[in-house]
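The values are calculated or read from the model by the stated rules, or taken from the named source; none is laboratory data. Since this is a predicted model, take the numbers as computed values, not measurements. FYI the Cβ positions are ideal-geometry reconstructions off the backbone, even for glycines, and counts take in every protein chain you see. Keep in mind that these areas ignore ligands, DNA and RNA; they rest on the heavy atoms of the full protein, side chains included. Shrake-Rupley method; radii C 1.70, N 1.55, O 1.52, S 1.80 Å.
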Amino acid sequence: MKSSFRIPVIFTLLSILLYSCQENRVKTEVINPEILESAFKQYKEKSIDNRRFGYQVIAPLIAKRHALFENNVLGESVEGRPIHLLSYGKGERRVLLWSQMHGNESTATMALFDLFNFLEGSAEDGFESIRQAIRENLCLRFIPMLNPDGAEKFKRRNAQQIDLNRDAVRQSSPEGIILKNVRDEFNPEFGFNLHDQNRYYNVEGSSLPATISFLAPAYNEAREVNAVRSKAMKVIVGMNHLLQQVVPGQVGKYNDSFEPRAFGDNIQKWGTSTILIESGAYPGDPEKQYIRQLNFMILLDALYGIATERYLNYTEEQYIAIPENDSKLMDLLIRNVETVVGDKAYLTDIGIKSSEEFLDSLILMKGNIVDWGDLSVYHGYQEIDANGMVLERGKIWTETIPLEKLTEKRALDLLREGYLAVATEKTNQGQAHQLPLVVFTEGNEPDVNTTLDKSPLFFLSKKGEKKMAIVNGHVIRLDNGENFSFWQLVE
């Protein structure tokens, strides 16, 4: 579960040190998670509070960096947006971190700006020993937004429609060329490849989401482990050790099949110990602000672990023991509901996933039935045990009702009468609303037949009484009208 810590404002350095290892091993200094959470709260970049932002948001944050950072423009994206390299530290050990290679994967980008604020923090804040270890031992270089064109549209690929993470060899994109040149010229010992993954990954053998996933990518088809890859594995073990204290059981590991086109695999091959970090999902965190905090914590801890060589205390075996990712999560999983085809009644499970659509600051979730049958090996962020319930088809209210007269109470009354959708004026098409049913305009009448690959729009009834309405993948409990605060568009 999400942790909440209370600690004094003033720390002593002793609170950082938890234990030291045996004589024949490197001294280990583990940062208490409470310290890391407190540092995040103090240095969080407050101008970014959601995960959809473009270059124009980060440009002033780069420009305001103090003398501790060196800012260089490496070149431009396809559409002419600058790609920046920020440098920090005067140590000999070189570390490169790059984020938002995919334009809609911005969680780590937010965390990097929190980290920049921390590295520029006051020497009197109680964290100076951490900063000093990093500043004196590491030479850090950051590319905070490699794909600014994709970020502008909140799309995965760049303006050429190229997946930058498959452009390490062909080098068709200016962004891919920039990353390759930086890696070659800087020749870092460690590299952090920062991404987001979809929310349907769970930790193998568990119903818990893979909130953070790791990979020390393979550098060849045989997936051999050399000294370079081994170091990446050990750094990951340290981050996993931290995460197990704050989100226990919610860390997964990617399959390490070699991908010859990918930057991570090739950068490992080129001699940089490469760590892939993927930010997944955490329940109740649609804007990934808590996962942003986790990114800040593990990145700061990893950099400190590299600076102090703490990572050498971990083993490849501990990395191998991290459970792998699975993909067995649904947004909504309805189990054991009775349905009928022809004259045959049978029990089925129904799996529903929802795609995100964005309207300014609003997130609209549009559901789709993705699986049907025995889904006993799957898990849901929300689950309904529908034993004793029957799937019931809904009706459509075709008489036009002005949108302003469709109150929440009227909408719930219509649901209880068996109507799942209602018509309104054409002029309202595309308008956002929070009504617990489908609102449509002439020519856009929804399909209320419930089958695979359709929008989920049906009732769950028990002994002839409608208990729940499923509207676009959302659950409305008809006894009290709970859980219907969600956004839709008039269709």
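When only Cα pairs below 8 angstrom with a gap of at least 6 residues are kept, the chain shows a relative contact order of 13 percent. Note on Ser376 and Arg416: with the Förster distance fixed at 45 Å, the Cβ-Cβ geometry gives a FRET efficiency of about 0.90.
Once the piece of chain linking Asn387 and Gln245 is laid out straight, how much longer is it, given 0.36 nm per residue of separation minus the C-alpha distance between them? Computed gain between Asn387 and Gln245 is 47.4 nm. Which value, in Å² and to the nearest 10, is the accessible area of Lys366 when all protein chains are kept and the probe is 1.4 Å? Approximately 80 Å² for this residue.
With all protein chains in place and ligands, DNA and RNA left out, the 1.4 Å accessible area ranks His195, His241 as His241, His195, largest first.
Pairs spanning more than 26 Å between alpha-carbon atoms, out of Lys366/Lys426; Lys328/Lys454; Lys46/Lys90: Lys46/Lys90. With the whole protein complex present, Leu299 retains an accessible surface near 0 Å², based on a 1.4 Å probe. So what's the angle, to the nearest 10 degrees on a 0 to 90 scale, between helix 33-43 and the longest Cα principal axis of the chain? With both axes taken from Cα atoms, the answer is about 80 degrees. Taking all protein chains together and rolling a 1.4 Å probe, Arg199 ends up with roughly 60 Å² accessible. Ordering Glu92, Glu185, Glu175 by accessible surface, largest first, gives Glu92, Glu185, Glu175; the 1.4 Å probe counts only protein heavy atoms, with every chain in place. Between the beta carbons of Leu452 and Arg170, assuming R0 = 51 Å, the FRET efficiency works out to 0.85 to the nearest 0.05. Each residue, Ala227 and Thr315, gets one label point 7 Å from its Cα in the Cβ direction; the gap between the two is 2.1 nm.
A helix-only calculation puts the chain at -7500 deg cm²/dmol for mean residue ellipticity at 222 nm, using -39500 (n - 2.57) for each DSSP H run of at least four residues, averaged over all residues.
Between Asp343 and Trp487, the simple spin-label model (points 7 angstrom out along Cα→Cβ) gives 5.0 nm. Is the C-alpha gyration tensor of the range 391-491 telling us rounded, prolate or oblate? Criteria: a/c under 1.5 is rounded; beyond that, a/b larger than b/c is prolate, otherwise oblate. Here the range 391-491 falls in the prolate category. Full extension of the chain between Lys46 and Ile363 gives 112.1 nm of extra length, using 0.36 nm per residue less the Cα-Cα distance.
For the chain, the longest principal axis of the C-alpha atoms and the axis of helix 289-307 are separated by about 20°. In the range 127-269, Cα pairs under 8 Å separated by at least six residues give a relative contact order of 26 percent. Taking 7 Å steps out from each Cα toward its Cβ at Lys153 and Glu120 produces label points 3.2 nm apart. Mean sequence separation of contacting Cα pairs (under 8 Å, at least six apart), scaled by the length of the range 46-185, corresponds to a relative contact order of 32 percent.
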